[in-house]
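Just below is one structure, and these are the notes that go with it.
Just so you know, all these numbers are worked out from the coordinates, no wet-lab data involved. Just so we're clear, the structure is a prediction, and the values are computed from it rather than from any experiment. Virtual Cβ from ideal backbone geometry, glycine too; neighbours counted across all protein chains shown.
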Amino acid sequence: MCEAINAEFWCGLSPEIAGIEADCVVGEAVVKLLTDVHAICTRVYAEDGGAMEPHYVLQMKHVALCQCNCWYFG
């Protein structure tokens with residue numbers, strides 16, 4: 001299964017990371033992390049529409065972007 005990075009959700013990505021594919025170790029790790037965090041942040045957790053608080057979403061996105069930058073740029 002080929003996962004794709006959601007460019008709209010991850011609007012702060014560097015061009016290098018935005019275009020990465022899961023065809024190498026770093027690419028696979030980046031794509032998996034970003035797609036997993038996207039899924040967690042956008043999941044509805046309750047029948048009444050309960051979702052993560054926006055400030056927690058921003059924090060998770062920040063941490064994921066920092067980690068991806070470490071993996072990709074060293």
Taking first residues from the stretch 8-27 that are in contact (Cβ under 8 Å) with a residue 40 or more places away in the chain and farther than 11 Å from Tyr72 by Cα and second residues anywhere that are surrounded by fewer than 16 Cβ atoms within 10 Å (Cβ to Cβ) and of a type in the set (Lys, Arg), the pairs with Cβ under 6 Å that are 6 or more apart or on different chains are none
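Condition check ((1) in contact with a strand residue (DSSP E or B) (Cβ under 6 Å, 6 or more places away or on another chain); (2) exposed (fewer than 13 other Cβ atoms within 10 Å of the Cβ); (3) part of a loop (DSSP other than H, G, I, E, B); (4) at negative phi) across all residues:
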| site | (1), (2), (3), (4) |
| --- | --- |
| Leu13 | no, no, yes, yes |
| Ile17 | no, no, no, yes |
| Ala22 | no, no, yes, yes |
| Glu28 | no, no, no, yes |
| Ala39 | no, yes, no, yes |
| Asp48 | no, yes, yes, yes |
| His62 | no, yes, no, yes |
| Cys66 | no, yes, no, yes |
